[in-house]
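Notes to accompany the following structure.
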Amino acid sequence: MERTTWLGRAARLAGPERTVRTGRWAGVALFVGVLAVGAAPLLPLVLLTTRQAPQLLPLFAVPLAVLFAAWRIARDRARNQALDPLTGLANRDSLLAAAREAIGRAPAGPGHAVALILLDLDRFRSLNDTLGHATGDRLLVQVGERLRRSVRPLGGLAARLSGDEFGVLLPDAGAGPVQTARSLVADLAAPILLDGLQLVLESSAGVAVTPDDATDAETLLSRADVAMAHAQRSRSGVESYRPEQDADTPQRLGLLGDLRRAIDADQVVIHYQPKVAFDGHVVGLEALARWDRAGHGPVSPEEFIGLAESSGLMPRLTDYVLEAAVSQLASWRAEGMTVQVAVNVSPRDVLRPGFAQSIADRLLRHGVPAGALQLEITERLLLEDGQLAADTLEELRRHGVGMSLDDFGTGYSSLVRLRKLPVGELKIDRSFVSRMVADDHDAAVVRCSVQLAHSLGLTVVAEGVEDDETWERLHAMGCDAVQGWLVSAALPAEQATAWLRVRNAVAPLPAEPT
């Protein structure tokens, strides 16, 4: 016999059979309750009327009808309070209630974990703005139905928490919640046909389990959210919760404090990775931050840059890298090496008031022409304050600063807005380049990206080139330049200087605007 727990009821409410199964037991219980409370005062009067004037019994139909209507209203309200009105999935409150019950019923010991998976649709906001909110809502409904079908065989509960964020509760996750999360991400990535358009949704998922990550529902949800945010920043697709990801953990706070002190003490080192044309000509170099944490060893750029972005330290780190790069440019120019150096900037940097003018002032102070500096922006910038970003980029263009669109191909909006951006270079993301020899689909993406960029008058740089075959295929496709281990690793300033001397690098700078 099926247990009529809250989890069971909520799961049935979220399924297509909810009106049959839920109405049978929960509805009967609610009706009995309403009848007991509302009709109890009438019972003595009914009995008396039955004995003395049975012809008056039909008069009791009105209060009974009122009671029946009250029961139906209460039933519908209870159901609506448990469901997301758009998708019909459970809502946040239902998910938390189900998680509390699942945690309370989970047997002690290994192999009985309760898992919570949070999924967020990457760049859905841009897609929603492009296609319209009505179409976006229909897309969310289809996503909800896919999750419902995927989760039902697992005995779990699918929920929509808000916007484009969904949750999946697995009361008996066993040893494979991460693999389940990967399967859900893959299911959501299958093409969706909507109004004649074939749409492919990318998503990020975070996984938290009891009792390792949390022992209550609220903390479990919070830590799944932390893992999901880390998956989005690292572009890994799926991440399990780890304490160092959490902004409030002593480990993360310690890492943040050490990073702040390292910036103040000039302990973050800037390396430079060359970008080279197919004739061997040096197109430029990209400035990349490296940090060797005292007493701990090297920290991956993904980790400390992600930490800086999430903590508000990113503007200081960007200013630090810009100062080092422009100062190095001045030194190289003094030796006759007129190369261009690219610096990555985040959306938060570009949206800072006065950012463009601060760049111009820095270049003037070091005596470096604006064209010697290139700023690499990402498609994420297009999802932020579009008008402010456009104004800042246009001001930078007027100053003569070069701009490149980095990580191209990983978002939705660039194909629509790329022609409006004042960029002169497009960098194809390494995730496509590194697999293009083995994967025809990735090769097609690279080929189309090169053709699109050239049709817009842009130079194309391929990132992550690590073997001769990839080099040859990129050359055949008409790519302009490459960057990666095949050419050179990222080098400290002294080694980069020696590398440039050997190459006798004297690259012509882009013409400055008149």
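The values are calculated or read from the model by the stated rules, or taken from the named source; none is laboratory data. Model, not experiment: these values are computed from the prediction. Neighbour counts are summed over all protein chains in view; Cβ atoms, including those assigned to glycine, are modelled from backbone coordinates with ideal geometry. Calculation scope for accessible area: heavy atoms of the full protein, side chains included, ligands and nucleic acids excluded. Shrake-Rupley method; radii C 1.70, N 1.55, O 1.52, S 1.80 Å.
Give me the dipole magnitude in Debye, nearest 20, for the range 424-505 about the Cα centre, with unit charges on the beta carbon: positive for Lys and Arg, negative for Asp and Glu.
280
At 0.36 nm per residue, and after removing the present C-alpha to C-alpha distance, how many nm does the segment from Glu469 to Asp195 gain when stretched out fully?
94.6 nm
For a test of the definition: using alpha carbon positions, the gyration tensor, and the 1.5 limit on a/c, classify the range 122-183 as rounded, prolate or oblate.
Verdict is prolate for the range 122-183.
How large is the accessible surface per residue of the range 112-210, computed with a 1.4 Å probe and reported in Å² as a whole number?
On a per-residue basis, the range 112-210 sits at 39 Å².
Work out, step by step, the length gained on full extension between Ser236 and Asp292: first 0.36 nm times the residue separation, then minus their alpha carbon distance; give nm to one decimal.
Computed gain between Ser236 and Asp292 is 17.8 nm.
In nm, to one decimal, how far is the Arg316 label point from the Gln495 one, both placed 7 Å along Cα→Cβ?
Rounded to a tenth, the inter-label distance reads 2.9 nm.
Report the accessible area of Asp439, computed with a 1.4 Å probe over the heavy atoms of all protein chains in place, in Å² rounded to the nearest 10.
Here the residue's solvent-accessible area equals roughly 60 Å².
Using a 7 Å offset from the Cα along the Cα-to-Cβ direction at both Ser331 and Gln357, what is the distance between the two label points in nm, to one decimal?
Inter-label distance under the simple model: 3.1 nm.
Can you give me the long-range amide H partners of Asp122? Hydrogens built in the peptide plane at 1.01 Å from N, cutoff under 5 Å, separation of 5 or more residues or another chain.
Under 5 Å from the amide H of Asp122: Glu202, Ser203, Ser204.
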